[in-house]
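What follows is one structure encoded as structure tokens, with my remarks underneath.
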Amino acid sequence: MTPASEQTPNPEAQASESDSQPQVTDIKAPDGSRSAASFGFNAYAERINGRFAMVGFVALLVQEAITHQDFFTWIGLR
């Protein structure tokens, strides 16, 4: 005979198995750590911030190349 603990499953375990939606704790950073969803100044947030800054800088360079005006002229400060 099997023990009673094996016959009656844990309701919390069933709820977590039946949830198909990813939880915040399920998100992993590209390096495999679980720091992707944490708040504040951490390596993952700084990496994403740096990437967005690089995209913005390249977009600014493209805008200046296309319009032949610098950024300050383009927004009306000159």
### Query
Using a simple spin-label model with points 7 Å from Cα along the Cα→Cβ vector, what separation in nm is obtained for R78 and F57?
2.0 nm
### Kirkwood Rh in Å, taken over all unlike Cα pairs in the stretch 38-78
11.9 Å
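Readers should treat all values here as calculations from the given coordinates under stated rules, not as data from a laboratory. Predicted model, so just to flag it, every value in this text is computed and none were measured. Cβ: placed from backbone, ideal geometry, glycine included. Neighbour counts: every protein chain shown.
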